[in-house]
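The values are calculated or read from the model by the stated rules, or taken from the named source; none is laboratory data. All figures in this text were calculated on a predicted structure; none of them were measured in a lab. Here Cβ is always computed from backbone atoms with ideal geometry, including for glycine, and neighbour counts include all displayed protein chains.
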Ligand SMILES: [Zn+2]
């Protein structure tokens with residue numbers, strides 16, 4: 001039985017920016033506009049020209065490369081590889097969005113059975129899809145003494161612990177390479193962080209994550225939403241776990257004697273990540289969420305609260321406007337997590 005969804009109300013309520021982030025789309029706002037590479041899986045044509053634009057206020061988008069356009073619901077459908085004209089399929093996608101971002105709209109349908117996870121439909125090509133495959137190589141020759149990290153206050157111990165280093169060639173040229181491990185501790189890719197913020201642009205995002213590639217007759221895909229940064233280092237369920245958005249916050253907490261910290265690698269948390277968070281914390285333990293002090297951080301906290309508080313006790317450490325966990329001094333951190 002399908003629960004009734006008012007598409008019009010949902011479309012109005014949904015925050016397009018949040019939906020974009022949910023699908024790992026790098027969002028850079030220009031007023032009410034977002035412009036960037038087309039993230040649609042069926043996008044044909046040039047991948048490296050910023051052909052995609054979304055009007056975040058009006059909740060509509062258009063790609064000049066592949067000609068796709070529509071509203072935020074249709075966007076989500078296309079990202080899920082679902083035909084937006086297929087009413088039943090669109091309904092399902094809308095239901096997932098409502099549950100995640102506007103649960104209050106579905107409040108009158110509390111009694112319905114828990115929705116199953118969205119089924120990922122196979123892409124149109126026949127190639128098998130492999131997600132987060134372990135890498136068969138490691139980046140060599142990273143500069144572990146690069147001033148970028150040291151100047152930001154990270155100690156050599158911290159840099160070595162997380163395997164960070166400046167990369168001078170390849171895809172991560174001129175970036176700090178950050179090894180990413182899945183829940184089992186397998187190296188599944190590297191993120192690269194720009195060292196010179198002045199060079200950040202549409203074509204040069206602050207963070208670069210592994211892209212899709214085709215090899216040996218398979219589609220390889222990377223999804224950061226399927227694991228937690230630093231999650232594999234936490235072996236047994238702990239009493240207290242700190243959850244932050246970014247990599248640097250995890251490093252900072254570690255350096256200040258708080259090693260039980262994980263990052264969601266962005267200001268959104270997937271259901272899988274929430275599941276992993278819960279699994280890392282004892283049933284009577286606590287999850288401390290420490291979002292950045294901004295609007296996105298506030299929404300992030302709401303998402304985490306709705307996903308985790310049914311299972312674990314959650315504390316929200318609210319930072320001041322504009323503040324990030326890396327701004328907190330050792331003394332402040334101590335008081336944050338002892339009450
Ligand atoms: Zn496109």
- Go through (1) modelled with pLDDT of 95 or more; (2) part of a helix (DSSP H, G or I) and name the single condition residue 99 misses. (1)
- Just give me the residues in region 50-72 being at positive phi, touching a strand residue (DSSP E or B) at 6+ places or on another chain (Cβ under 9 Å) and free of Cβ contacts under 8 Å to residues at least 40 places away in the same chain, in sequence order. 70
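If you go through region 180-202 one residue at a time, do you hit one that is on the phi > 0 side of the Ramachandran plot and surrounded by 13 or more Cβ atoms within 10 Å (Cβ to Cβ)? If you could, list the steps in order and put the result at the bottom.
Here is the first cut: in region 180-202, the ones on the phi > 0 side of the Ramachandran plot are 185, 189.
Going one step further and asking which of them are surrounded by 13 or more Cβ atoms within 10 Å (Cβ to Cβ), we end up with 189.
Yes: one or more hits.
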- Query: Is at least one residue of region 2-9 within 16 Å of the ligand (Cβ to nearest atom) and free of Cβ contacts under 8 Å to residues at least 40 places away in the same chain?
  - Reply: no
- Pick from region 50-59, criterion within 24 Å of residue 223 (Cβ to Cβ) and in a loop (DSSP other than H, G, I, E, B), ranking: farthest from the ligand (Cβ to nearest atom): 56
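Tell me, yes or no, whether region 106-116 has at least one residue that is closer than 25 Å to residue 8 by Cβ and at pLDDT 85 or above. Reasoning before the result, please.
Here is the first cut: in region 106-116, the residues closer than 25 Å to residue 8 by Cβ are 106-112, 115.
Okay, now just the ones that are also at pLDDT 85 or above, so none.
No, because not a single residue in region 106-116 is closer than 25 Å to residue 8 by Cβ and at pLDDT 85 or above.
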- Is there a residue in region 68-79 that is surrounded by fewer than 19 Cβ atoms within 10 Å (Cβ to Cβ), assigned to a loop (DSSP other than H, G, I, E, B) and within 12 Å of the ligand (Cβ to nearest atom)? no
- Criterion violated by residue 94 - all others in (1) under 26 Å from residue 224 (Cβ atoms); (2) within 11 Å of the ligand (Cβ to nearest atom); (3) outside any loop (DSSP other than H, G, I, E, B) satisfied: (2)
- Has region 28-44 got at least one residue that is away from the ligand (no atom under 16 Å from the Cβ) and under 19 Å from the mean Cα position of the chain (by Cα)? yes
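Quick check on this structure: which one of 82, 19, 93 is crowded, with 19+ Cβ neighbours inside 10 Å and within 21 Å of residue 205 (Cα to Cα)?
Going through 82, 19, 93 in turn, the sole match is 19.
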- Task: Kindly provide the set of residues from region 219-230 that are touching a strand residue (DSSP E or B) at 6+ places or on another chain (Cβ under 7 Å) and either in a loop (DSSP other than H, G, I, E, B) or buried (at least 23 other Cβ atoms within 10 Å of the Cβ) (or both), ordered by number.
- Result: 222, 223, 228, 229, 230
